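Below: one structure, written as structure tokens.
The values are calculated or read from the model by the stated rules, or taken from the named source; none is laboratory data. Small disclaimer: the values here were computed from a predicted structure and weren't measured. Because the Cβ atoms are built from the backbone with ideal geometry, glycine has one as well, and the counts that use them run over all protein chains shown. Only protein heavy atoms, including side chains, enter the accessible area calculation; ligands, DNA and RNA are left aside. Shrake-Rupley method; radii C 1.70, N 1.55, O 1.52, S 1.80 Å.
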Amino acid sequence: MSGLSLYSRGGRNGPRIIVPPTNPKRWNPGNYIAETSYDSDALFNAIAARLAADTAGNNKGALIRKPWNQLEAGLGDYNAGFDALEMRLAQIAALAGRRMIIFIQIKTFNTRNPTTGEITSYKHAVPGYMRSSATYADPQGYTNDLGEHGEYGYKSGNGGPGGYIPNMHVAAVRDRFQALMEAFATRFNSNEYLEAVVINEASIAEPYQVTDAGGNWTNDVTWYANMKTAHIASRAALENIQISQWFNGPRDMMSTQDREKAHSLTLRS
């Protein structure tokens, strides 16, 4: 994970020397215990118990996962989503010396019944108001499985259940993501227990409707450009908080140009 590796004591190739950021960015690198799926009381409580038992301080804190559609209930309505984060930050504050990383999930992964193969949970990438409005539609008409806007469905290349990706190549979607991050910064920038924000993930896929080998989807360049614009604005708004971008994709399926575009999104302090 590109940015979050800054918080690990060692990477694939062994320990590395990391230069701390300039003030006023928080800087508490170390090991953070990550939730394996969207935040829940059960997952967080299990991590909290591990942190409480870790009297040697081997772990710095917790990483929790929140999807965009849980943070924004309606257009500009962040109250419930942000209140839930505030509660988690209060819980982490009660564990002396611990900090929290918030992983904002924009690329999502459906859940499938391992026995029947049936999709049991569709994990949407954007809030409901976007899915019901043509304002956020893909210019080529690609939608999710339900014919909704704001996101497109993709099929997993390894036989997985697929999921959804925001139409970040659409300016209106990018603007809403940027508004989310600016509102997030207004609410949480001064919270000393929030160490960093991680955004997943830049390994975009073609809409599932694209079937030919060459692919008819031509919006990847705009997608990356808009995501970079939103990240630059987010970085400026998060004055005290680290922000990083998760990258994950099959290297043999990424062209040199794709890798260069992905690299251009990397954010440091």
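Scan the range 2-10 and give yes if some residue there is modelled with pLDDT under 95, closer than 30 Å to ASN167 by Cβ and outside any helix (DSSP H, G or I), otherwise no. Checked against the condition, which is being modelled with pLDDT under 95, closer than 30 Å to ASN167 by Cβ and outside any helix (DSSP H, G or I), the range 2-10 yields at least one hit.
Pairing each residue of the range 230-241 that is closer than 12 Å to LEU194 by Cβ with any residue that is part of a helix (DSSP H, G or I), provided the two are 6+ apart or on different chains, yields C-beta distances under 6 Å for LEU238/ALA185. If a residue has to be modelled with pLDDT under 95, over 18 Å from the mean Cα position of the chain (by Cα) and on the phi < 0 side of the Ramachandran plot to count, how many in the range 139-155 make the cut? Number of matching residues: 8. Do the conditions hold for GLY97, that is, is it under 23 Å from GLN242 (Cα atoms), of a type in the set (Gly, Ala, Ser) and touching a helix residue (DSSP H, G or I) at 6+ places or on another chain (Cβ under 7 Å)? So GLY97 does not fit the description; no.
Residues of the range 156-168 that are modelled with pLDDT of 95 or more and over 15 Å from the mean Cα position of the chain (by Cα): none at all. Residues that are part of a loop (DSSP other than H, G, I, E, B), under 30 Å from THR218 (Cβ atoms) and in contact (Cβ under 8 Å) with a residue 60 or more places away in the chain within the range 93-115 comprise ILE106, LYS107, listed in sequence order.
Could you say whether any residue in the range 23-30 is open to solvent by 80 Å² or more (accessible area, probe 1.4 Å), within 14 Å of ILE101 (Cα to Cα) and at pLDDT below 95? Looking for residues that are open to solvent by 80 Å² or more (accessible area, probe 1.4 Å), within 14 Å of ILE101 (Cα to Cα) and at pLDDT below 95, one finds none in the range 23-30, hence no.
Say we look at the range 116-171 and pick out the residues that are of a type in the set (D, E, K, R) and either part of a loop (DSSP other than H, G, I, E, B) or free of Cβ contacts under 8 Å to residues at least 12 places away in the same chain (or both); which of these is farthest from LEU71 (Cα to Cα)?
The first filter runs over the range 116-171 and keeps only residues of a type in the set (D, E, K, R), leaving 118, 123, 131, 138, 145, 148, 151, 155.
Remaining after also requiring either part of a loop (DSSP other than H, G, I, E, B) or free of Cβ contacts under 8 Å to residues at least 12 places away in the same chain (or both): 118, 123, 138, 145, 148, 155.
Numbers: GLU118: 27, LYS123: 14, ASP138: 23, ASP145: 23, GLU148: 19, LYS155: 25 Å.
Per the criteria, the residue is GLU118.
Restricting to the range 103-153, and then to whatever is more than 23 Å from ILE199 (Cα to Cα) and of a type in the set (Asp, Glu), can you tell me which residue is surrounded by the fewest Cβ atoms within 10 Å (Cβ to Cβ)? Can you show your working first?
Narrowing the range 103-153 to residues more than 23 Å from ILE199 (Cα to Cα): 112-120, 132-135, 139-142, 145-148.
Subsequent filtering for residues that are of a type in the set (Asp, Glu) retains 118, 145, 148.
Numbers: GLU118: 10, ASP145: 13, GLU148: 20.
Among those residues, the one meeting the criterion is GLU118.
Within the range 161-179, the set of residues being in contact with a strand residue (DSSP E or B) (Cβ under 8 Å, 6 or more places away or on another chain) and open to solvent by less than 20 Å² (accessible area, probe 1.4 Å) comprises GLY162, GLY163, TYR164, ILE165, PRO166, ASN167, VAL173, PHE177.
Condition first: under 29 Å from TYR122 (Cα atoms), of a type outside the set (A, V, I, L, M) and open to solvent by 60 Å² or more (accessible area, probe 1.4 Å). Now tell me which residues in the range 49-76 satisfy that. Give the steps one after another, and end with the answer.
Keep residues of the range 49-76 that are under 29 Å from TYR122 (Cα atoms), which gives 62-76.
From the residues that got through so far, the ones that are of a type outside the set (A, V, I, L, M) too are 65-70, 72, 74, 76.
Result: GLN70, single match.
Here GLU195 fulfils each of the conditions (1) open to solvent by less than 50 Å² (accessible area, probe 1.4 Å); (2) acidic (Asp, Glu); (3) part of a loop (DSSP other than H, G, I, E, B) apart from (3). Filtering the range 36-48 to residues that are free of Cβ contacts under 8 Å to residues at least 60 places away in the same chain and either outside any strand (DSSP E or B) or open to solvent by less than 50 Å² (accessible area, probe 1.4 Å) (or both) leaves ASP39, SER40, ASP41, ALA42, LEU43, PHE44, ASN45, ALA46, ILE47, ALA48.
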